[in-house]
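First the structure, in the form of structure tokens, and then the observations on it.
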Amino acid sequence: MTDASYEGTMSGYQKSLDKLGLDYLDLYLIHQPYGDIYGAWRTLEDLYEAGKVRAIGVSNFNPAGLTDLMLNNRIKPMVNQIETHPFNQQLAANELMQAEGVVHQGWAPFAEGRQDLFTNSTLAAIAEKHGKSIGQVVLRWNLQRGVAAIPKSVRKERIAENFDILDFELEESDMQQTTALDEGKLLFVNHDDPAFVKMLFSRVLPD
């Protein structure tokens, strides 16, 4: 949060390079849609044009915020990383990003197991039909609708399983059944909630 300015973002970029021991980054994002995001975005544009970052983007921007950033800057975001899983499919956001050529990157693609995703009867039936796990079905569903899902795991076998989704394809009926699970409801953080914004800034700003 405190890095959301031109100077703060530049300083944060250099700190990241120093910690990683690198001389450039593949992807650099604005994490939250708050603070001086325009100053921060100008930093990212400058870093990209200087060849110090291969791609720049944002996280947790709603369609209106993303559109605003696209219309009022030199370079539009290449990525928008947002909560995306079968229970919150971000259909409107996905449509906008596909139309604008912005990569829809979905965090928490398995909803971190909430709402019993890994025992969901609809997903289980699709998984059984294809001889795959529910996790693989969810990742393949995302892939087929143009979402770059980013599951996280520290288990070697689970990481290998997550990559093993290129040898099958979901049928249209599978896609429709999964789409029907959408509740359009965030399960984690609501970045449009004023109370959340106040809470977040109370942690980083002095009294």
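Per Stokes-Einstein, at 10 °C and 1.306 mPa s, what whole-number D in µm² s⁻¹ belongs to segment 72-160, with the Kirkwood radius over Cα pairs as the hydrodynamic radius? All intermediate terms of the calculation are to be shown ahead of the outcome.
Numbers: Rh = 14.0 Å.
Answer from the Stokes-Einstein relation: 113 µm²/s.
Over segment 1-105, one equal point on each Cα, no solvent: what is log10 I(q)/I(0) by the Debye formula at q = 0.18 Å⁻¹?
For segment 1-105 at q = 0.18 Å⁻¹, log10 I(q)/I(0) is -0.84.
How large is the charge dipole for the chain, taken about the Cα centre, if only the Cβ atoms of Lys, Arg (+1) and Asp, Glu (-1) carry charge, to the nearest 20 debye? Before the final figure, lay out each step's value.
Working: 19 positive and 29 negative charges, 84 e Å.
It works out to roughly 400 debye.
Output the relative contact order of segment 53-129, whole-number percent, from Cα pairs under 8 angstrom with separation of 6+ residues.
Working: 81 pairs, mean separation 20.5, N = 77.
Reported as a whole number, the value is 27 percent.
Quick check for me: using +1 on Lys/Arg Cβ and -1 on Asp/Glu Cβ, what's the dipole size of segment 155-197 about its Cα centre, in debye to the nearest 20? All intermediate terms of the calculation are to be shown ahead of the outcome.
Details: 4 positive and 12 negative charges, 80 e Å.
The dipole magnitude comes to about 380 debye.
Which whole-Hz ³J(HN,Hα) couplings does segment 81-88 yield from phi under the Karplus relation 6.51 cos²θ - 1.76 cosθ + 1.60, θ = phi - 60°, glycine and proline marked x?
9, 9, 4, 8, 7, x, 8, 9
So what is the relative contact order for the chain, in percent, with contacts set as C-alpha pairs under 8 Å and at least six apart?
Values: 277 pairs, mean separation 34.1, N = 207.
Relative contact order comes out at 16 percent.
Tell me, what is the Rg over Rh of segment 140-207, with Rh the Kirkwood radius over Cα pairs?
Numbers: Rg = 18.2 Å, Rh = 15.7 Å.
A ratio of 1.15.
Along each of its three principal axes, how wide is the spread of alpha-carbon positions in segment 28-183, in whole angstrom units, largest first?
Dimensions of segment 28-183 along the principal axes of its Cα atoms: 49, 32, 25 Å.
Quick check: the distance between the Cα centres of segment 1-44 and segment 66-111, to the nearest angstrom?
Using only Cα atoms, the two centres lie 19 Å from each other.
What ³J(HN,Hα) values, in whole Hz, does the Karplus curve 6.51 cos²θ - 1.76 cosθ + 1.60 give for segment 149-159 when θ = phi - 60°, with x put for Gly and Pro?
6, 10, x, 10, 7, 10, 8, 4, 5, 6, 4
Using Cα springs under 10 Å in a Gaussian network model of the chain, which residue among ALA64, ALA148, ALA93 shows the largest mean-square fluctuation?
Residue with maximal mean-square fluctuation among ALA64, ALA148, ALA93: ALA64.
Find, to one decimal place in angstroms, the Kirkwood hydrodynamic radius of segment 1-55, where the mean of 1/r is taken over every pair of different Cα atoms and then inverted.
Working: mean 1/r = 0.0906 Å⁻¹.
Every distinct Cα pair counted, the radius reaches 11.0 Å.
State, to one decimal in nm², a quarter of the convex hull surface area for the C-alpha atoms of segment 88-139, i.e. the direction-averaged projected area.
Details: hull surface 16.4 nm².
Averaging across all directions leaves 4.1 nm² for the Cα convex hull.
Taking loop as defined by DSSP and a crowding limit of 16 other beta carbons within 10 Å, which GluC sites (Glu not before Pro) in segment 103-198 fit?
GLU169, GLU171, GLU183
Top mean-square fluctuation among PRO194, PRO86, PRO33, Gaussian network model of the chain, C-alpha springs under 10 Å?
PRO194
Starting from the Kirkwood radius over alpha-carbon pairs of segment 45-102, derive D by Stokes-Einstein at 10 °C in a medium of 1.306 mPa s and give it in µm² s⁻¹. It would help to have the intermediate numbers written out before the result.
Details: Rh = 12.1 Å.
Approximately 131 µm²/s, per Stokes-Einstein.
Please check: in the Gaussian network model of the chain (C-alpha springs, under 10 Å), which one of ASN72, ASN62, ASN94 has the largest mean-square fluctuation.
Result: ASN72 has the largest fluctuation of those listed.
Here, each number is a calculation from the coordinates, and none is a lab measurement. Please read these numbers as outputs of a predicted model, since none were measured by experiment. With ideal geometry, Cβ positions are generated from the backbone for all residues, glycine too; neighbour counts draw on all protein chains shown.
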